[in-house]
Amino acid sequence: MTVAIVQFGGSNCDRDALRALSHLGIDAKLTWHEHSLPRDVSGIVIPGGFSYGDYLRAGAMAAHSPIMAEVRDHAASGVPVLGVCNGAQVGCESGLTPGAFTTNSSAQFQCESVYLRVENADTPWTTAYDVGEVIEIPIAHGEGRFEIPASECTTLSDQNRILFRYCSEDGEITEAANPNGSRDNIAGMIGNQSNIAVLMPHPERATLSYLGRSTDGQGILQALGK
Amino acid sequence: MTLYTATVTVRLKSGVLDPEAETTKQALERLGFEIEALSSADRFEIDIEAASIEAANEQVTAMADRLLANPTIHDFDVEVQR
């Protein structure tokens, strides 16, 4: 039973994820994208970074890497799959989750702490939280603006598939609290199964207490240890 | 089989915010140019052997559909020439 953290050329949050999972007592190892996933894989992390140098579009090349066929098969069989930041872009590009992450409305790379409101606490990724709870997790991206046609966005919302929305410190969903111009302040969602999740903020950077002011990301990663 | 050259132009769908184009427009205006609107697009040139121009078009359209463009945010055009 091990969590595989998929390394692409240009991944740079892979070891952060490994350390965060180890801290939580979850067995994990790095898997190079040209290799196969471990036979006993019990969870998969597609980490942050700049896979393939963000050529073409962030996540576009990695989404078609052969290992993603294995990721899709495991996802379909119920193995938890978490895409973080570049991993979220890979998730959308590969069709594991709907929509697309594209250039921030500021046209700038943004590295800052943000507040997220938990929208659905009834998923493996959010059982540690309550609906409406505000958590603090950092972002670090240039292409994190979630875009999706309005009708699909309504469906996503109606199906209760939105995990987190960017919010103010007191939980208000406002334009000012939306760091990148994402539609409806969406920061993370599940795929067509609740074991598949992507989010732009970095839970692995909000897990170790000595790294910063928040350990709010722990609850998300703990889903990989269940 | 004949060699064809295909040009794929990928642009954001109308209504999708293009911050890079907006920033470029502002930079040009700072240089003193007056601009009503500016949009950007990616262009790919692909040489391909195919049995007919229709077959070349079909293959390149599949390439655009599966990788070069993201249908959620992009429209694309394919032009094929001998």
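Just so it is clear, none of the values below were taken in a lab; they were calculated from the coordinates. Only a predicted model underlies this, so the values are computations on that prediction, with no experimental measurement involved. With ideal geometry, Cβ positions are generated from the backbone for all residues, glycine too; neighbour counts draw on all protein chains shown.
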State yes or no: is B:LEU3 in contact with an Asp or Glu (Cβ under 6 Å, 6 or more places away or on another chain), surrounded by fewer than 17 Cβ atoms within 10 Å (Cβ to Cβ), more than 9 Å from chain A (Cβ to nearest Cβ) and not in a loop (DSSP other than H, G, I, E, B)?
-> yes
Over the range A:103-117, the set of residues in contact (Cβ under 8 Å) with a residue 40 or more places away in the chain and within 13 Å of chain B (Cβ to nearest Cβ) is A:THR103, A:ASN104, A:SER105, A:SER106, A:GLN110
Breaking point among (1) touching a His at 6+ places or on another chain (Cβ under 6 Å); (2) surrounded by fewer than 17 Cβ atoms within 10 Å (Cβ to Cβ), for B:GLN26 | (1)
Those residues of the range B:6-47 that are within 14 Å of chain A (Cβ to nearest Cβ) and at positive phi come to a total of 1
Determine whether the range A:6-18 contains at least one residue that is in contact with a helix residue (DSSP H, G or I) (Cβ under 7 Å, 6 or more places away or on another chain), among the β-branched types (Val, Ile, Thr) and over 19 Å from A:LEU199 (Cα atoms).
-> no
Name the residue, out of A:ARG161, A:ARG213, A:ARG183, that is basic (Lys, Arg), surrounded by fewer than 24 Cβ atoms within 10 Å (Cβ to Cβ) and within 16 Å of the chain's Cα centre (by Cα).
-> A:ARG161
The number of residues in the range A:69-102 that are of a type in the set (Val, Ile, Thr), more than 23 Å from A:CYS153 (Cα to Cα) and either within 14 Å of chain B (Cβ to nearest Cβ) or not in a helix (DSSP H, G or I) (or both) is 1
Out of the residues in the range B:48-68 that are within 14 Å of another protein chain (Cβ to nearest Cβ) and either touching a residue at least 40 places away in the same chain (Cβ under 8 Å) or touching a Cys at 6+ places or on another chain (Cβ under 8 Å) (or both), which is surrounded by the fewest Cβ atoms within 10 Å (Cβ to Cβ)?
-> B:MET63
Could you list, in sequence order, the residues of the range A:52-68 that are assigned to a helix (DSSP H, G or I), over 20 Å from B:ARG11 (Cβ atoms) and within 14 Å of chain B (Cβ to nearest Cβ)?
-> A:TYR52, A:ALA62, A:ALA63, A:HIS64, A:MET68
